[in-house]
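The values are calculated or read from the model by the stated rules, or taken from the named source; none is laboratory data. Nothing here was measured: the structure is a model prediction, and the numbers come from that model. So basically every Cβ, Gly included, is an ideal-geometry build from the backbone, and we count neighbours across all protein chains shown. Ligands, DNA and RNA are stripped out before the accessible areas are found, and what is left, the full protein with its side chains, is counted by its heavy atoms. Shrake-Rupley method; radii C 1.70, N 1.55, O 1.52, S 1.80 Å.
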Amino acid sequence: MLETLPIYDSFLQRLDPRIKIISIFIFSILTAVSQKFNVLLLAFSISLAVFFTANIPIKEAIKRLIPVNTLVIFLWFFLPFTFKGNTVFTLFDLPVTLEGILLATMITVKSNVIMLMLIALTLSTPIVTIAHAMHEMKVPKKIVHLFFFTLRYIHVIHNEYIRLSNSMKIRSFKPKTNFHTYRTYAYMVGMLLIKSLERAQRVHNAMRCRGFNGNLYSLSNFSIQKTDKIVMAIMMILFLLLGIIEWTTIPLF
Amino acid sequence: MDNNTLVLNLNKISFGYPGSRPVIDDLSLEFARRSRIGLIGPNGSGKTTLFHIIMGLLKPISGKIELFGKHVKDEKDFITARRKIGLLFQDADDQLFSPTVLEDVAFGPLNLGKSKEEAILTEKKTLNFLGLAGFEDRVTHKLSGGEKKLVSLATVLSMEPEVLLLDEPTNGLDDHTKEKIKTILTGLDISYILISHEIDFLTSVTDAIYRMENGKILTDDEMHIHEHVHAHPHGLASHNHKQ
């Protein structure tokens with residue numbers, strides 16, 4: 001996960017990052033709030049279509065969908081049994097409700113649809129470009145900086161974590177369920193926190209020495225091309241469609 | 001010494017934390033244009049702290065700092081002065097924060113108000129000078145230790161400073177990279193103060209070496225190069241020449 005993401009050359013990759021961010025932002029909200037399966041079905045088709053324009057190997061996508069679905073599996077352990085509603089059948093003397101199954105299905109579909117879209121975004125756009133695009137879109141400076149520095153220093157902090165945990169290992173530390181283990185882990189987390197804080201201070205100092213005044217200047221230029229406009233228009237029409245199906249009773253399907 | 005040639009004039013500077021012995025103790029230092037001095041001393045003797053005080057990152061408890069003939073007191077004065085002084089940090093990971101080399105080296109020039117085009121031009125020039133041409137799109141955290149150090153130097157040099165403060169520039173580098181840094185430093189027309197534990201390296205790139213101990217610079221203990229230029233098969237292995 002900490003490796004630099006590969007970027008696949010594709011139609012999606014060449015689109016203006018701002019268009020991608022706005023589209024995915026709106027799309028994710030629509031998908032997340034939707035309560036109808038036909039809307040989700042359409043959303044699923046859109047995300048699949050977008051995904052295929054990104055030219056990403058299916059293996060890469062599946063690798064990234066696993067963590068989300070591990071979380072979702074746990075919902076399947078609980079929701080069908082605990083949600084109130086009409087019992088469909090009983091499993092080990094526990095009643096399984098239709099409403100519970102529907103809710104779990106909905107959450108599964110929603111999270112996969114949104115994830116698929118985000119995978120298409122992150123594997124088609126360098127993360128630096130996303131940061132710069134956020135900056136261009138007048139996202140508050142602090143959020144952009146947070147995003148930017150997390151990206152740069154997560155490796156450094158991860159390396160510090162590896163160094164600490166190695167130094168524990170070479171002194172024969174084996175985690176067990178006892179107070180010594182808890183205390184050792186607490187020390188390690190505390191140490192990481194302090195190290196990160198000190199590093200942040202040093203980085204800030206280094207930046208001040210080079211005349212940092214609160215602004216990060218971007219070297220990349222973005223320009224909206226004709227293709228960008230067309231894609232944006234198509235996306236907006238599709239989103240409008242999603243909204244209409246969700247919130248009106250006009251029988252489109 | 002004539003005040004006009006003084007780039008840096010520290011007068012009775014003290015710095016410390018309450019309840020412990022001062023890190024910098026009543027230190028005075030005059031540093032003239034075109035001089036190249038080395039600082040050597042045990043860990044914790046206050047060398048890095050001294051650099052941070054000069055840059056205004058730490059505020060001394062007492063004493064007076066003059067940079068380029070001007071008395072500097074608050075952050076505003078230091079912001080102006082920092083344009084002309086470049087500090088190379090000990091840890092390159094502190095200095096390189098941008099994802100790519102291009103952005104990092106251009107960061108300083110952009111802060112100084114240069115346009116994108118000018119910044120990229122300066123960046124190219126600096127990278128060429130350091131033998132790093134073609135490094136623009138490299139990802140900073142994936143560079144090797146030596147490359148990181150050289151790119152850090154590029155980020156500082158791209159601001160075209162008049163003075164360089166170098167904090168252990170050769171720490172942890174291999175001989176090849178050390179040699180490269182040596183060549184770069186001797187070819188620079190910039191005055192600098194250099195902290196190092198490596199006496200061989202110091203003698204080859206500086207004109208005078210001062211010893212720092214317990215927050216003081218021992219000026220009477222000034223070592224002279226003619227006593228020290230020697231090829232030594234053991235390099236840094238402990239050996240004694242001072243008698």
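Within segment B:138-157, residues that are free of Cβ contacts under 8 Å to residues at least 24 places away in the same chain reach partners that are of a type outside the set (S, T, N, Q) and open to solvent by 40 Å² or more (accessible area, probe 1.4 Å) with beta carbons closer than 8 Å, at six or more positions or on different chains, in the pairs B:147/B:138. Note on segment B:147-203: residues that are farther than 14 Å from residue B:88 by Cα, touching a helix residue (DSSP H, G or I) at 6+ places or on another chain (Cβ under 8 Å) and small (Gly, Ala, Ser) total 1.
If the condition is being open to solvent by less than 80 Å² (accessible area, probe 1.4 Å) and not in a helix (DSSP H, G or I), then segment A:156-174 contributes only A:173.
Evaluate segment B:66-74: report whether one residue or more is surrounded by fewer than 22 Cβ atoms within 10 Å (Cβ to Cβ), out of contact with any His (no Cβ under 6 Å at 6 or more places or on another chain), acidic (Asp, Glu) and more than 14 Å from chain A (Cβ to nearest Cβ). Taking every residue of segment B:66-74 in turn, at least one turns out to be surrounded by fewer than 22 Cβ atoms within 10 Å (Cβ to Cβ), out of contact with any His (no Cβ under 6 Å at 6 or more places or on another chain), acidic (Asp, Glu) and more than 14 Å from chain A (Cβ to nearest Cβ).
Could you go through segment B:75-83 and let me know if any residue there is of a type in the set (Lys, Arg) and within 11 Å of chain A (Cβ to nearest Cβ). There is at least one residue in segment B:75-83 that is of a type in the set (Lys, Arg) and within 11 Å of chain A (Cβ to nearest Cβ).
Under the condition of being in a helix (DSSP H, G or I), at the interface with chain B (Cβ under 8 Å from one of its Cβ atoms) and either of a type outside the set (D, E, K, R) or free of Cβ contacts under 8 Å to residues at least 40 places away in the same chain (or both), the residues counted in segment A:185-226 number 7.
Of the residues making up segment A:79-98, none is within 16 Å of the chain's Cα centre (by Cα) and either among the aromatic types (Phe, Trp, Tyr) or farther than 30 Å from residue A:244 by Cα (or both). I'd like to know if segment B:111-118 contains one or more residues that are under 26 Å from residue A:130 (Cβ atoms), within 9 Å of another protein chain (Cβ to nearest Cβ) and touching a helix residue (DSSP H, G or I) at 6+ places or on another chain (Cβ under 9 Å). Within segment B:111-118 (the criterion being under 26 Å from residue A:130 (Cβ atoms), within 9 Å of another protein chain (Cβ to nearest Cβ) and touching a helix residue (DSSP H, G or I) at 6+ places or on another chain (Cβ under 9 Å)), the answer is yes, since at least one residue qualifies. Going through (1) in a helix (DSSP H, G or I); (2) on the phi > 0 side of the Ramachandran plot one by one, residue A:55 falls short only on (1).
Let's see how each residue does on (1) assigned by TED's automatic domain parsing to the domain that holds residue A:29; (2) closer than 30 Å to residue B:59 by Cβ:
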site	(1), (2)
A:142	no, yes
A:155	no, no
A:167	no, no
A:178	no, no
A:181	no, no
A:190	no, yes
A:235	yes, no
A:243	yes, no
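Scan segment A:96-155 for residues that are more than 12 Å from chain B (Cβ to nearest Cβ), touching a residue at least 60 places away in the same chain (Cβ under 8 Å) and not in a helix (DSSP H, G or I) and the total you get is 4. Anything in segment B:124-170 that is farther than 26 Å from residue B:195 by Cα and more than 9 Å from chain A (Cβ to nearest Cβ)? List them, or say none. Passing the criteria: B:124, B:125, B:133, B:134, B:135, B:136, B:137, B:138. Please specify each residue of segment A:132-141 satisfying the condition of being crowded, with 19+ Cβ neighbours inside 10 Å and under 15 Å from residue A:221 (Cβ atoms). Once the filter is applied, which keeps residues that are crowded, with 19+ Cβ neighbours inside 10 Å and under 15 Å from residue A:221 (Cβ atoms), segment A:132-141 yields A:132, A:133, A:135.
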